[in-house]
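See structure below.
The values are calculated or read from the model by the stated rules, or taken from the named source; none is laboratory data. Predicted, not measured: the structure shown is a model, and the values here were computed from it. Using ideal geometry, Cβ is built from the backbone for each residue, glycine included, and neighbour counts are taken over all protein chains shown. What goes into the accessible areas is simple: the full protein's heavy atoms, side chains included, and nothing from ligands, DNA or RNA. Shrake-Rupley method; radii C 1.70, N 1.55, O 1.52, S 1.80 Å.
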Amino acid sequence: MDFKLLNTTAPSANRPRLRSEWLETLGDTLAAPQMQSLAQFLRDEKALGKVIYPPGSEIFSALQLTPPEAVRVVILGQDPYHGPDQAHGLSFSVRKGVAIPPSLRNIFKELQRDLEIEKPSHGCLNHWAEQGVLLLNASLTVESGRAGSHQNLGWEVFTDRVVATVRDVGKPIVFMLWGAQARKKFGALDGFGHCILTAPHPSPLSAHRGFLGCGHFSQANAFLERCDRGAIDWSLPD
């Protein structure tokens with residue numbers, strides 16, 4: 001794995017891919033020594049037989065599905081799910097056929113309360129990403145069974161740059177900040193004309209403290225429509 005070799009037509013099924021629109025602004029960051037040290041760390045961990053999620057080809061799925069100019073909403077997670085077959089590069093999302101995790105169940109519960117959207121039969125959020133919802137984790141990889149294991153290794157530098165790129169793109173965007181870490185990540189958004197929505201994290205430990213009932217989905221759509229950017233279809237087709 002070498003972040004300097006990212007491209008949109010990578011022949012290897014396990015090589016990270018990143019679309020050219022993001023590479024134009026993130027290429028220098030990916031080539032920086034800290035990111036190359038992170039790439040070497042991931043290579044070494046895999047050489048030791050450790051299982052890393054998501055698969056290499058899906059590390060940048062959020063950026064592959066949502067180019068910077070298309071971003072209308074940003075939802076930040078902490079790090080990928082660390083169980084088998086769950087993580088596929090989008091925050092809070094799991095593959096079709098995988099049991100819906102508790103935090104995502106609470107997100108769907110709030111969607112149903114807020115917009116009367118029927119709870120989906122699966123937890124794959126590709127449909128949101130394809131409409132301009134950037135589902136970004138603060139750390140983009142994790143070791144199997146060890147939540148937070150790849151925090152503070154360099155991913156935060158990269159995702160901070162992603163946030164800055166989106167912030168400065170010149171279009172109004174909705175930032176949904178769920179939990180203290182998300183609020184800290186997006187601490188420099190004031191004064192850019194964006195819509196900033198804050199609430200506790202949707203995990204079972206905190207959702208009852210204000211996430212359930214926050215109304216973020218209807219507020220996001222109202223803001224986007226006022227700005228002539230169009231509402232998000234928050235339903236998830238089977």
In degrees, nearest ten, helix 216-226 long axis to first principal axis of the chain (Cα): 80 degrees
Which cross-chain or sequence-distant (5 or more) residues have an amide H under 5 Å from the amide H of Thr198, H modelled 1.01 Å from N in plane? Leu177
When you count, for each residue, the other Cβ atoms within 10 Å and take the mean per peptide, how do 25-38, 88-101 rank with the highest first? 88-101, 25-38
Here are some pairs, Lys50/Lys119; Lys46/Lys171; Lys50/Lys96; which of them have Cα atoms lying more than 31 Å apart in this structure? Lys50/Lys119; Lys46/Lys171
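For region 37-117, count the residues as N, evaluate 2.2 N^0.38 Å, and divide the Cα radius of gyration by that value, please. Mind dumping the intermediate values first?
On the way: Rg = 15.2 Å, N = 81, 2.2 N^0.38 = 11.7 Å.
Compared with the compact-globule rule of thumb, region 37-117 sits at 1.30.
Rounded if a/c is under 1.5, else prolate if a/b beats b/c, else oblate: with a ≥ b ≥ c from the C-alpha gyration tensor eigenvalues square-rooted, which is region 183-232?
On the way: a/c = 3.37, a/b = 1.41, b/c = 2.39.
Since a/c reaches 1.5 but b/c is at least a/b, the shape of region 183-232 is classed as oblate.
Return the carbon/sulfur percentage of the accessible area of the chain, one whole number, probe 1.4 Å, all protein chains in place.
Numbers: 5160 of 10480 Å².
On the chain, the fraction of accessible area on carbon and sulfur atoms equals 49 percent.
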Nitroxide proxy distance, nm - points 7 Å out along Cα→Cβ at Asp168 and Val51: 4.0 nm
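Once Rh for the chain is found with the Kirkwood sum over Cα pairs, what is the Stokes-Einstein diffusion coefficient at 20 °C and 1.002 mPa s, in µm²/s? Intermediate values should be presented prior to the final figure.
On the way: Rh = 18.1 Å.
Reported coefficient: 118 µm²/s.
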In whole Hz, with x marking every Gly and Pro, tabulate ³J(HN,Hα) for region 160-176 from phi via Karplus 6.51 cos²θ - 1.76 cosθ + 1.60, θ = phi - 60°. 4, 5, 4, 4, 5, 4, 5, 4, 9, 5, x, 10, x, 9, 9, 10, 9
With a 1.4 Å probe and every protein chain left in place, work out the accessible area per residue of region 57-194 in Å², rounded to a whole number. 38 Å²
Two pseudo-spin positions, 7 Å from Cα along C-beta at Val157 and at Glu24, lie apart in nanometres by 2.5 nm
Between the helical axis of 102-115 and the dominant principal axis of the chain, each derived from Cα atoms, what acute angle in degrees is found, rounded to the nearest 10? 30 degrees
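If you take the C-alpha gyration tensor of region 140-179, multiply each eigenvalue by 5 and take the square root, what semi-axes do you get, largest first, in whole Å? Write down the numbers at each step before the final one.
Details: eigenvalues 135, 32, 9 Å².
That gives 26, 13, 7 Å for the three semi-axes.
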In debye to the nearest 20, the charge dipole size for region 108-238, taken about the Cα centre with +1 at each Lys and Arg Cβ and -1 at each Asp and Glu Cβ, equals 440 debye
Between Val174 and residues 5 or more places away or on another chain, the pairs with built amide H atoms under 5 Å apart involve Val73, Val74, Cys195
Taking the Cα centre of region 73-143 as origin, sum charge times position over the Cβ atoms of Lys and Arg (+1) and Asp and Glu (-1), and report the length of that vector in debye to the nearest 20. 160 debye
Quick check on packing: order 76-84, 146-154 by the mean number of other C-beta atoms within 10 Å, highest mean leading. 76-84, 146-154
Value of [θ]222 nm, deg cm²/dmol, for the chain, DSSP H segments ≥ 4, -39500 (n - 2.57) each, nearest 500: -10000 deg cm²/dmol
